[in-house]
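The values are calculated or read from the model by the stated rules, or taken from the named source; none is laboratory data. Worth saying up front: this structure is predicted, and the values here are computed from it rather than measured. In this analysis, Cβ positions are derived from the backbone assuming ideal geometry, glycine residues included, and neighbour counts consider all displayed protein chains.
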Amino acid sequence: MTSELENNVNAFQDIIKSENDLMEYRLLQLDNGLKVILVSDVQKIIDLDNLSDKNSVDSENEDSNEEPSDDSISNDSEEEDKKGNLYEKEAEEKLAACALCVGVGSFSDPVDIPGLAHFVEHMVFMGSEKYPQENGFDEFIKRHGGSDNGSTECEYTTFYLECNEKYLREGMNRFAQFFISPLMISEAMTREREVIHSEFEMSLPSDGTRREQILGSLAPPDHPASKFLWGNLTTLRTNIDDDLLYKKVHEFQKRHYSAHRMTVAVQARLSLDTLESFVRESFSDVPSNNLPPEDFSSHIGSFGESHDFNKIVWVKPVKDICQVHLTWVLPSYLKKYKSKPLDYVGWLIGHEGKGSLLSYLRKKVWALQCEAGNDESGFEHNSIYSLFSISLTLTEEGYKNINEVIGLVFTYIFMLKKNVPNEDIYNELKTICEINFRYKTEIPSASYVEILAESMHLYEPHHYIVGGELYLDYKPELISEIINLLTPNREKNDSFYDKLEPWFRTKYKIEEIPEEWRRNWNNRPELEGIHLPKPNPYLTSDFSLLKQPDFNPPYPNKIIDTNLLEIWYRQDTKFKQPLAYYSFYILSPIFKSDPFNSVLLDVLIAYLETKFTEHIFPANQAGLYCSYSSADLGLSLLFSGYNEKLPLLFDEILKLIYESCSNINNKDNENLFNAIKKDRSRTYYNKILKPRKLVTMARLSILVNNYLTSVECLSLMDKVTLDRLHEFAQEFFKCIRIVGLIQGNISKDKAIELCNKFEGVLHCTPLEGEKPNVLVSKLNDGEIFLRLKSFNESDGNSVVTNYYQVGPGDIKTSCLIDLVTMIMDEPLFDNLRTKQQIGYDVHCLLRDTFGILAFSVTVFFQCSKFTADEVDKRIEAFLENFSTTLKSMSKKDWEETKTSLCLLKSSADLQLLDEVKRNFAEICSNEYIFDRLKREVEAITSITHKELCDWFQDHISSGLNFKKLSVVGTSQQSFDSINNKDNIDDKKFSLTTMTSDSNNKNKFITDIAEYKNSRIFYPAKCHS
């Protein structure tokens, strides 16, 4: 710390960090009481004075953090991924970030104005005295490659920004003005409460949110947890006069948004002194009133004393789910973070290995999933109380035996009382957390500063980094205290419905727990199959790194090329961590011959996951992971973790796959199969309840050959039998090709040895000839509409996606779309959401569907306010106006946009996984352009303003290459009561199309099957 700054600094103790953390930190407190943590990425300190306005064409680059794309090996996904690869280079770019957290949240809402804290969070971003333009901040941040957002918790509210490093100083100055002199004018309030209401309506179908609101309503009426924390038009318009609301918003902001209750975290590749000067310049004028925060101590201990606790609450869900939640209200353990007793007990009860509660319930086919503990949200973990929950996903048999299921929960808890605290288990957890913390991968700067700013409200200064990560102090008495509180007489069980929760209109019923059940739960015999977890055999002890080669190619090299295997490899020399990734795509031709096989693969994966859990759960706890998912043409199999024992997990998984697939039709598996089949049907059904998912699936169904929507999958479930699943498992591995990438701290010889095990263990035969491929349909010129009726008729949330197809992609075309969406994003949001108030979520994206490029505009809206026709017309009107705006763009703004996009594409990978994902995407797409991002920067630099304007004009409604597919998922009803059908048994589901009152009915798809039969497809890429 420089001497000229020392006089104004109140420094804290040295902060504890990982030995591998190369960041430098500084803690300080400004004169107004605002506390600050500075994070300097010292590996590559930049000189702001020497940063050029233009990105050099010669600079070599890395990928930006973009959304996943349609051209993905993951089926049923919403995707926009850009392919590319690490190019080891001298110039890498990173985004700088700043977060501010103020110590007030929704628990401080006035009783008569629910949702006020949330509303204030929105309002402070609506312009300041120094920068009065309402969307000026968003425009500035997005123009410089960044983003911003805010969130309201129960006891704190957090805001953040990220942007290119050159603009951090100005970004922070604009950001700080929201807390120095926010405008919060009446006109903006009138519009923004509509946004609050849209956000509330989007949350209405969420079973988790609805359950939380019911749980809060069981607290005493004056308890903070009983409040309606979201806010909507009823609380912010109907029940309050506009002038009074204006007054209360400003009073709340002045009372609570005080510097002495604020924390700020900043991260950039700048020196600590530079960052400190930025903070002092921006935040020193934030006013401080030195008033104490609201005191909630009078509410301690009162939540669980409500007369509605220690009862059964039956809740009618939106989704087709069958769950039981046991919830205890415990004292607050927020300040006990050093010993983490809630984490310890939750880990034991939620364990999924041998001897666990879940393992026992699965053997009886009574439950498929178990989660336990505290989710650390503000509602569950705060200064007043802590919630501890055990949540079980039940099978039909489990529901029929719910009394005994809950009894088994208490059997396990009583076993813990006899055997816990166990210091060996504590030390194992402590070791695992220390290993993970030591080798923790870097996360995006925006996420990191958010975490740090919030941590400063929770932990002691020297624990800001480690407080949420490590077990620091063994306190067996706290563990015993929690376990002793988990008794049948203290829990609330929610799993007909004579009550209606007023805000979310959830139907529920409260009943006394039958005395017979109480006796059963209190008198549990010991069970031989239930015991504490055994020592973990997967714990890593060797963290050594391979010797760096004299020359390491910048991209993966193909090390195996046979009819069965196409394996690529690259040793990591950049991140220098003892980690490895094995990524495999197992392709089979059977998915092209019969799409029904996609359903069978989904069921097979669910079956294998259930069978494997108790075997591989210890590996997961030790930082070794295996995931398997249904892909477009086969099975995706991904391994990751510490390299020493990752091969053991690989061997175990291959063995389990072969053994499990060989005896699926064993009659002992029939009950489990039926439960998994039912659960899979529920998964399909729950997907189609969401308009967003419905629109995505429908769009891909129109575009992609042999694509099955969840509606179609659900209708095919009757054909899935145990014998048919067994036949499929045998057939799948008969003829396959495995495409793979091995990358990380692993030698080439070890990689070859691993991959050669596939043939011997799985007994598979190679696929001859070309790899299977995916065909994408070519839209006709003009526009076509697909309107679908929502499967949840009482959900008023609707979604429209207008998809504008461009055609087969190349690097320059993808860059043109990138530029358009980058420029369009903020004005689209400002126009359709902020000004026209159409919906809460409005965005535009580049879409890459198996090499066919497009751009899209998506709007979430409420059918009670707008029709689909109206929304579509407003999108088209915006695009026509945007074409004019694009043409009038100044040279300065045009060059800044290109520079920002180049910098984004030059962003450094933060972890090895970023590089692995891009490399694997290139391999799976058969394109192998590992330096894609470098080429994209070169292409962006060469694109002229006129070229972009002409290209965009050519692809909107007035252009010669206008090809549009508009897909809408909508209900025609309001939100009177969002409640699902009782179940999906014996019901047939199909997509129901709708048309319009307009004169363009001939443009509407009314028979999806007929339309799909008439499609013309782009030529397939031919790859051997």
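Tabulated values for the structure
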item: Test: residue in region 610-617 that is within 30 Å of Ala1020 (Cβ to Cβ), surrounded by 15 or more Cβ atoms within 10 Å (Cβ to Cβ), within 30 Å of the chain's Cα centre (by Cα) and not basic (Lys, Arg); result: no
item: Selected residue [of a type in the set (Val, Ile, Thr), at pLDDT below 95 and assigned by TED's automatic domain parsing to the domain that holds Gly796] from Thr858, Thr941, Thr884, Thr867; result: Thr867
item: Elements of type helices (runs of 4 or more DSSP H) contained in region 854-932, each with 2 or more residues being touching a Pro at 6+ places or on another chain (Cβ under 8 Å) and surrounded by 21 or more Cβ atoms within 10 Å (Cβ to Cβ); result: 912-924
item: Residue match in region 960-973 (condition: more than 33 Å from the chain's Cα centre (by Cα) and crowded, with 16+ Cβ neighbours inside 10 Å); result: yes
item: Test: residue in region 486-501 that is assigned to a helix (DSSP H, G or I), in contact with a Phe, Trp or Tyr (Cβ under 7 Å, 6 or more places away or on another chain), buried (at least 17 other Cβ atoms within 10 Å of the Cβ) and not basic (Lys, Arg); result: no
item: Search result, residues across region 237-246 that are assigned to a helix (DSSP H, G or I) and under 16 Å from Val120 (Cα atoms); result: Arg237, Asp242, Asp243, Leu244, Leu245, Tyr246
item: Residues located in region 372-409, provided they are in a helix (DSSP H, G or I), surrounded by 20 or more Cβ atoms within 10 Å (Cβ to Cβ) and not small (Gly, Ala, Ser); result: Val405, Ile406, Leu408, Val409
item: Close pairs from region 210-236: first part of a helix (DSSP H, G or I), partner among the basic types (Lys, Arg), Cβ under 8 Å, at least 6 apart; result: Leu215/Lys492; Gly216/Lys227; Leu233/Arg193; Leu236/Arg193
item: One residue from Glu251, Glu276, Glu281 being more than 26 Å from Ser798 (Cβ to Cβ), surrounded by 21 or more Cβ atoms within 10 Å (Cβ to Cβ) and over 32 Å from the mean Cα position of the chain (by Cα); result: Glu276
item: All positions within region 584-610 that are touching a Ser or Thr at 6+ places or on another chain (Cβ under 7 Å), in a helix (DSSP H, G or I) and aromatic (Phe, Trp, Tyr); result: Phe591
item: For Gln267: the one exception among (1) in the same structural domain as Glu121 (by TED's automatic domain parsing); (2) in a helix (DSSP H, G or I); (3) among the polar types (S, T, N, Q); result: (2)
item: 3 or more residues within 24 Å of the chain's Cα centre (by Cα) and surrounded by fewer than 19 Cβ atoms within 10 Å (Cβ to Cβ): qualifying strands (runs of 3 or more DSSP E) within region 84-196; result: 147-152
item: Qualifying positions in region 460-483 - under 30 Å from the mean Cα position of the chain (by Cα) and not in a loop (DSSP other than H, G, I, E, B); result: Pro461, His462, His463
item: Flag for Lys430 being in a loop (DSSP other than H, G, I, E, B), outside the structural domain of Tyr156 (by TED's automatic domain parsing) and either surrounded by 14 or more Cβ atoms within 10 Å (Cβ to Cβ) or among the small types (Gly, Ala, Ser) (or both); result: no
item: Helices (runs of 4 or more DSSP H) wholly inside region 611-718 that include at least 3 residues being touching a Ser or Thr at 6+ places or on another chain (Cβ under 6 Å); result: 670-688, 691-703
item: Entirely in region 742-835, the helices (runs of 4 or more DSSP H) that have 3 or more residues that are closer than 22 Å to Phe584 by Cα; result: 748-755, 757-762
item: Hey, Glu121 touching a Ser or Thr at 6+ places or on another chain (Cβ under 9 Å) and on the phi < 0 side of the Ramachandran plot or not; result: yes
item: Unmet criterion (only one of (1) under 30 Å from Thr970 (Cβ atoms); (2) assigned to a helix (DSSP H, G or I)) for Ser282; result: (1)
item: Enumeration of residues in region 254-273 that are under 26 Å from Asp41 (Cβ atoms) and crowded, with 16+ Cβ neighbours inside 10 Å; result: Met262, Thr263, Val264, Ala265, Val266, Gln267, Ala268, Arg269, Leu270, Ser271, Leu272
item: Number of the condition not met by Leu244 [criteria: (1) aliphatic (A, V, I, L, M); (2) farther than 30 Å from Lys44 by Cβ; (3) surrounded by 15 or more Cβ atoms within 10 Å (Cβ to Cβ)]; result: (3)
item: Count of residues meeting criterion [under 14 Å from Leu786 (Cα atoms) and among the hydroxyl-bearing types (Ser, Thr, Tyr)] in region 684-706; result: 2
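Results for (1) under 31 Å from the mean Cα position of the chain (by Cα); (2) closer than 30 Å to Asn401 by Cα; (3) assigned to a loop (DSSP other than H, G, I, E, B), shown as yes or no for each residue.
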site	(1), (2), (3)
Ser298	no, no, no
Asp308	no, yes, yes
Ser339	yes, no, yes
Trp347	yes, yes, no
His351	yes, yes, yes
Gly355	no, yes, yes
